[in-house]
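Taking it in order: structure first as structure tokens, then the write-up.
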Amino acid sequence: MQPLNPTLIFKGSTAPSRAIVRIGLILISTDEVGGDAFRDIMPRDDVSVFATRGSCEDDWEGFAFTSSFKEVANTLPPADRLDVLAFSCTSATVELGIEGLLSELSNALPGIKYTSPAIAAIEALKQLGAKKVALLTPYPVDVHRSFVKFLEIHGFGVTADGTFDKSTDAEIGELQKESIFAAAKSLVEASEPDALFISCTATPVVEYIDQLEAELGLPIVTSSQAMAWDALRLVGYNRPIPRFGRLLAALR
């Protein structure tokens, strides 16, 4: 029997990632828009995004993953390889409550920073100095009204609000730019708010934020944009990011 050739062992040189920030992103299974929108905002040379998805029912009767937050988060790199864990669902944050969601995330991956679109939107509106807010959502009416209460509980006056009354994330993701712009203009013209909040990571609006701000003449906060801003703020990444509205274009 011929002897086996010896296995060669090489000395491979390694270098740490150039990324300054490493973010774990939990998406819900039905959101076809939010993951790409979040990544598009991030400066790719400085930020690494590691995404996973949790399966949930595509309805509005109550949020729950089919497995636990911890099981979903365990499909990401371990906590000691991440700086921030972001949960990409605005309506679930409102339903679970900020404290409830933060408890779930900290139990899932302890010892890092945490954010979600609704948590981030509150901080972003405060950063912009907004006290009067117009609200545009794509949700069924009952869910939409819970967002009015959520903003009011956190100290904002809702000057005007409207919804597209869509039933699924697939429908939300197919909303046309013209419809979003027309609805936004209607709300702003009717109420003179300090800012407009457009909710839901599935709403396809991130790439149009600069244009919509220019047309409306006031700052726009959206779910994915606010969450990106907050994730970077939490780890002290202060560099301005153009193309996604006043919130990200300013120093954090």
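The values are calculated or read from the model by the stated rules, or taken from the named source; none is laboratory data. No experiment lies behind these values; they were computed from the predicted model shown. When we count neighbours, we look across all protein chains shown, and the Cβ atoms used for this are built from the backbone with ideal geometry, even at glycine. These area figures cover heavy atoms from the full protein model, side chains too; ligands, DNA and RNA do not enter into them. Shrake-Rupley method; radii C 1.70, N 1.55, O 1.52, S 1.80 Å.
Assorted remarks:
- Residues that are under 23 Å from residue 30 (Cα atoms), assigned to a loop (DSSP other than H, G, I, E, B) and open to solvent by 40 Å² or more (accessible area, probe 1.4 Å), drawn from the range 162-195: 164, 165, 166, 167, 174, 176
- Subset of the range 85-109 that is of a type in the set (Asp, Glu) and crowded, with 17+ Cβ neighbours inside 10 Å - its residue that is modelled with the highest pLDDT: 104
- Residue check, residue 205 of a type outside the set (Gly, Ala, Ser), within 24 Å of residue 98 (Cβ to Cβ), free of Cβ contacts under 8 Å to residues at least 60 places away in the same chain and in contact with a Leu (Cβ under 6 Å, 6 or more places away or on another chain): no
- For the range 30-64, filtering for residues that are open to solvent by less than 70 Å² (accessible area, probe 1.4 Å), modelled with pLDDT of 90 or more and within 18 Å of residue 90 (Cα to Cα) leaves 11.
- Of all residues in the range 87-107, those that are assigned to a helix (DSSP H, G or I) have Cβ atoms under 8 Å from Cβ atoms of residues that are basic (Lys, Arg) and open to solvent by 10 Å² or more (accessible area, probe 1.4 Å), 6 or more apart or on another chain, in 107/70.
- Being modelled with pLDDT of 95 or more, out of contact with any His (no Cβ under 9 Å at 6 or more places or on another chain), open to solvent by 60 Å² or more (accessible area, probe 1.4 Å) and of a type in the set (A, V, I, L, M, F, W, C) holds for only one residue in 153, 112, 198, and it is 153.
- Members of the range 65-77 that are part of a loop (DSSP other than H, G, I, E, B) and either surrounded by 19 or more Cβ atoms within 10 Å (Cβ to Cβ) or at pLDDT 95 or above (or both): 74, 75, 76, 77
- Restricting attention to the range 108-125 and to residues that are of a type outside the set (A, V, I, L, M, F, W, C) and in a loop (DSSP other than H, G, I, E, B), the residue that is nearest to the chain's Cα centre (by Cα) turns out to be 116.
- Residue within the range 211-219 that is in a helix (DSSP H, G or I), within 27 Å of residue 166 (Cα to Cα), open to solvent by less than 10 Å² (accessible area, probe 1.4 Å) and in contact with a strand residue (DSSP E or B) (Cβ under 9 Å, 6 or more places away or on another chain) present: yes
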